[in-house]
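Rule-based calculations on the coordinates, nothing more; no lab input. Quick caveat: nothing in here was measured; it's all calculated off a predicted structure. Here the Cβ positions follow ideal geometry from the backbone for every residue, glycine too, while neighbour counts run over all protein chains shown.
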Amino acid sequence: MTTTPRSITDTPQVLVVDDDRVIRTILVKLLRKEGYQVIEAETGEAALEQYQRFTPDLVLLDAKMPGLDGFDCCQKIRQMPTGEHVPILMVTGLEDDDSVARAFHSGATDYVTKPIRPSIVVGRARYLIRAAQDRRALAQSEERYRSLVTNLQEVIFQLDEAGHLTFLNPAWQRLTGYTLAESLGQPLSEFLHPAERKQYRQQFRRTRESTSRCYQHRSRCVTRSGEWLWVEMQLCPSRDAVGAVQGLAGRLTNISDRTRREQHRRLEHAVIRAMTNPADPHLKMRRILQIICGNLNLQLGEFWQPNRSGQLDYADTWHLNTAQLVNFASATQALQVDQDNPGSDIASKIWFNGSPIWTDKLEHYLHGERQAAAQRAGFQAVLGVPINHGTECLGILVFFSQAARLASEDALRGLSILANQISQYMLRQRAESELHRQNQVLQLELQRAADYVASLLPRSNWICPSSGNQGQIAVDTQFQPSSQLGGDAFDYYQLDRDHLAFYLLDVAGHGVKAALLSVSVLNILRKRSLSQADFYQPETVITALNRIFQMNDQGEDYFTLWYGVYHSPSRQLTFASAGHPPGVLISPASSQARLSYLDSDGIAVGMLPEFPFESKQCTISPGGTLFLFSDGAYEEVVGEKQILGFDRWADMLRQYWHSGQNDLSLLLEEVHRITACESLQDDFSVMEIRFS
């Protein structure tokens, strides 16, 4: 029969066993009045069955019963798994000393005598039940503590005043591999790293002298296998009731994984800082080798890299400055790796296999003078990792240790992660180098294209011959291509002796493609090979160009254009614009110059094939000057976010006109000064037409 363990919070149960029904009834009523649950049994045999079924908190047992008497029943209850500690109150005859002695001998906890006195029975019952509950609570608490200490992942220990281990929980063996039997009685310091023992003794002394304060520090403890584990140690004083030191209590927490992660993060950050330092690539790699060696307590590091022929070369090294290590580095520098023999050296083995290696069998991975130099240097272990990008090996990192070190999966994994980051850096360096090379080629092409465009543009300081009483017309130009080369182009030419045509266009975008489009338009207009265009009528010229040149699906291949034709006898200017900045006409006035903006509200050529472009006319006053320009003249950035702007540019033209210097390079110099930039973001194109 199975029984359910009772909780100390349950209502206490009392088993009343007596063959006398009257006495049993009296006892039941008394106990129920006190709030107890009561179970009855008339015989000893029935009592055993009821006990197994209910496991009561108290047994009230009559000594003299027919069949199985109270004494034998008590003994059998004590033999049950749950009957060892249950309180049994035996009821005996008055002044029956033999019965009392037999009761205690049978295992009774206490006794009462007949005749029954209610107050005595209830008082004894209350006391025994409370005592049993307290004992059970204490046992449960001890069991919880014992289970906690036993199953705790942290090591719990106690030390005597001399620092010897007097208590250890099972976590000690799980942590170190040493059994409790061989560890107890030993000084704790014997299990600590020699470099940590001085700090431990200081903390031990401080804790022992303290009244209640605990001290905590990091340390390293050794395992049976020889591995060193990082632990967090806490020491607390243990004192008796009068304050005398009894020893120390403490705990050890395994923080090896956390410490390794912290060390790897520090190493990773240091390597990243070294990679981003703008130093020579060889100095960077030596610095990376130095950082890894310093963090992992290694004495020498090497970097091997494939050359242009695909052969593995010894590229860089870093080592402590000792004669033996210098000798080893010299032996390595003279090494010729046998590319056809994958086992000729650890670097070539990693090169062929593509997998990390950590070994203390140096004789299998070093040969000849390099092996002998390694023995003289006292190397005990070597490890290496490939620097891979996919299936391509970009290099090999090899490190040597003068201490015998077991292979660590965590260390190899950490080095492999670092090698992956180094591979990303090397790929960026390769990409940046290739980008720099391509940029140089592009700049050369852009410069050649800019020179070609400039060679096609008309000469500056041109004077149109005059006829009769007509005044002269002088044309000056200024062209400064941007670093990326825009799509500006301009030209002027006489249609006949009375008509002068001039225009300026700006292709959207930058680069050779934009320049080629501007040159194509320039050649078409210069040759006047434009179908359905009357070059005396600007709107027909722009309309014809708009039919030929249409914007592509990527939103490219469109341009703005300002085109004008001046009739000298009538001083009439007919003009049309296609999304281009307006021409600025400055006319002499009585007190100051008068500015007029010449625009016909057209859209850029190529945007809408059937757009109705229109021409406008104006009369040019004697002494007037017309400025044509692209938006690159005034859309240069000034400061962090502002641009020069059209209004400020127009004011610059007014001041330039007042100066009378007739040198457009002054405007270019002023733009450079205002923007504080030597190179412009867009082409700078200006045409000045002076009507005398």
- Note on the structure: Note, the range 372-384: 3J(HN,Hα) by Karplus (6.51, -1.76, 1.60, θ = phi - 60°), whole Hz, Gly/Pro = x, goes 5, 5, 5, 5, 5, 6, x, 6, 10, 8, 9, 9, x
- Message: Taking the 0 to 90 degree range and rounding to the nearest ten, how far is the long axis of helix 118-151 tilted relative to the main principal axis of the chain, both from C-alpha atoms?
- Response: 40
- HN-Hα J in Hz across the range 84-93 - Karplus 6.51, -1.76, 1.60, θ = phi - 60°, x for Gly and Pro: 5, 10, 5, x, 10, 9, 8, 9, 10, x
- Note on the structure: So, with points 7 Å from each Cα along the Cβ direction, the VAL512-ILE120 label distance in nm works out to 12.2
- Amide H to amide H, which residues 5 or more places from ASP316 or on other chains are under 5 Å from it, using H placed in the peptide plane? PHE303
- Message: So, R0 is 51 Å and r is the distance between the beta-carbons of VAL326 and THR166; what FRET efficiency does that work out to, to 0.05?
- Response: 0.45
- Query: So for the chain, taking the charge dipole from beta-carbon charges (+1 Lys/Arg, -1 Asp/Glu), which of GLN617, CYS293, CYS74 sits furthest toward the positive end?
  - Reply: CYS74
- Please give the length that would be gained between ASP534 and ARG273 if that part of the chain were fully extended, namely 0.36 nm times their separation in residues minus their C-alpha to C-alpha distance (nm, one decimal). 87.3 nm
- Of the options VAL605, SER423, SER520, report the single residue whose Cα projects farthest towards the positive end of the charge dipole of the chain (beta-carbon charges: Lys, Arg +1; Asp, Glu -1). SER423
- Item | Ordering of 346-353, 62-69 by packing [mean C-beta count within 10 Å, highest first] | 346-353, 62-69
- Note on the structure: Binned at 5 Å from zero, the C-alpha pair distances of the range 191-295 give percents of 2, 11, 15, 14, 12, 11, 10, 8, 6, 4, 3, 2, 1, 0
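Give me the number: length gained by fully extending ARG201 to SER256, i.e. 0.36 nm times residue separation minus the C-alpha to C-alpha distance, one decimal in nm. Please report the intermediate quantities before stating the final value.
Working: separation 55, 0.36 × 55 = 19.80 nm, distance 2.18 nm.
Full extension from ARG201 to SER256 adds 17.6 nm.
At 10 °C and 1.306 mPa s, grab the translational diffusion coefficient of the chain from Stokes-Einstein with a Kirkwood Rh over Cα pairs, rounded to a whole number in µm² per second. If you can, show how the numbers build up before the last one.
Details: Rh = 37.0 Å.
Once the numbers are plugged in, D ends up at 43 µm²/s.
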- Query: Exactly which chymotrypsin sites (Phe, Trp or Tyr not before Pro) in the range 510-615 are in a DSSP loop and have at most 15 other Cβ atoms within 10 Å?
  - Reply: TYR536
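Evaluate E = 1/(1 + (r/R0)^6) for GLU84 and LEU427, where r is the Cβ-Cβ distance and R0 equals 60 Å; express this FRET efficiency to the nearest 0.05.
My answer for the efficiency is 0.20.
What's the magnitude of the charge dipole for the range 68-130 around its Cα centre, counting Lys and Arg as +1 and Asp and Glu as -1 at the beta-carbon? Answer in Debye, nearest 20. Please report the intermediate quantities before stating the final value.
Values: 8 positive and 8 negative charges, 78 e Å.
Rounded to the nearest 20 debye, it is 380 debye.
At 0.36 nm per residue, minus the direct Cα-Cα distance, what do VAL22 and HIS367 gain on full extension? Give it in nm, one decimal, please. Before the final figure, lay out each step's value.
On the way: separation 345, 0.36 × 345 = 124.20 nm, distance 10.36 nm.
So the extension gain works out to 113.8 nm.
Run through the range 178-257 and list the trypsin sites (Lys or Arg not before Pro) located in a DSSP loop whose Cβ has at most 14 other Cβ atoms within 10 Å. Could the numbers behind the result be given before it?
Numbers: sites: ARG197, LYS198, ARG201, ARG205, ARG206, ARG208, ARG213, ARG218, ARG220, ARG224, ARG239, ARG251; in loops: ARG213, ARG224.
Hits after loop and neighbour filter: ARG213, ARG224.
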- Item | Other-chain or far-sequence residues with amide H under 5 Å of SER600's (modelled H) | SER577
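Under Stokes-Einstein, with the Kirkwood radius over Cα pairs standing in for Rh, what whole-number D in µm²/s applies to the range 13-149 at 20 °C and 1.002 mPa s?
Translational diffusion coefficient: 142 µm²/s.
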- Item | the chain, relative contact order in percent, only Cα pairs under 8 angstrom and at least six apart counted | 6
- Query: Quick one: of the DSSP bridges fully inside the chain, what percent are antiparallel, nearest 5?
  - Reply: 85
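How large is the dipole of the chain about the Cα centre if only Lys and Arg carry +1 and Asp and Glu carry -1, each at its Cβ, rounded to the nearest 20 debye?
Details: 68 positive and 80 negative charges, 460 e Å.
My answer is approximately 2200 debye.
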- Principal-axis tilt of helix 538-548 within the chain, Cα atoms, nearest 10 degrees: 50
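So, counting K/R as plus one and D/E as minus one, what does the shell of residues with Cβ under 15 Å around ILE463 add up to? Walk me through the intermediate numbers first.
Details: positive: ARG459, ARG497, ARG690; negative: ASP476, GLU688.
Charge balance in the 15 Å sphere: +1.
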- Within the range 245-340, DSSP-loop chymotrypsin sites (Phe, Trp or Tyr not before Pro) with at most 10 other C-beta atoms within 10 Å are none
- Note on the structure: For ALA403 and SER570, extending 7 Å from Cα along the Cα-Cβ vector and measuring point to point gives, in nm, a value of 10.0
- Can you give the angle from 0 to 90° between the axis of helix 256-276 and the longest principal axis of the chain, with both taken from C-alpha atoms, to the nearest 10? 10
- Item | Inter-probe distance in nm under a simple model that places probes 7 Å from Cα toward Cβ, at ASP98 and GLN52 | 3.2
- Cys residues of the chain with no disulfide-compatible partner (no other Cys Cβ under 4.7 Å) are CYS73, CYS74, CYS221, CYS293, CYS393, CYS464, CYS618, CYS677
- May I ask you to evaluate 6.51 cos²θ - 1.76 cosθ + 1.60, the Karplus curve with θ = phi - 60°, for each residue of the range 680-689 and list the ³J(HN,Hα) values in order in whole Hz, giving x for glycine and proline? 8, 7, 9, 4, 10, 10, 9, 10, 10, 10
- Query: Out of residues 5 or more away from MET90 or on other chains, whose amide H comes under 5 Å of its own, with H placed 1.01 Å from N in the peptide plane?
  - Reply: LEU61, THR109, ASP110, TYR111, VAL112
- Query: What share of Cα pairs, in percent, lie more than 30 angstrom apart in the range 458-691?
  - Reply: 22
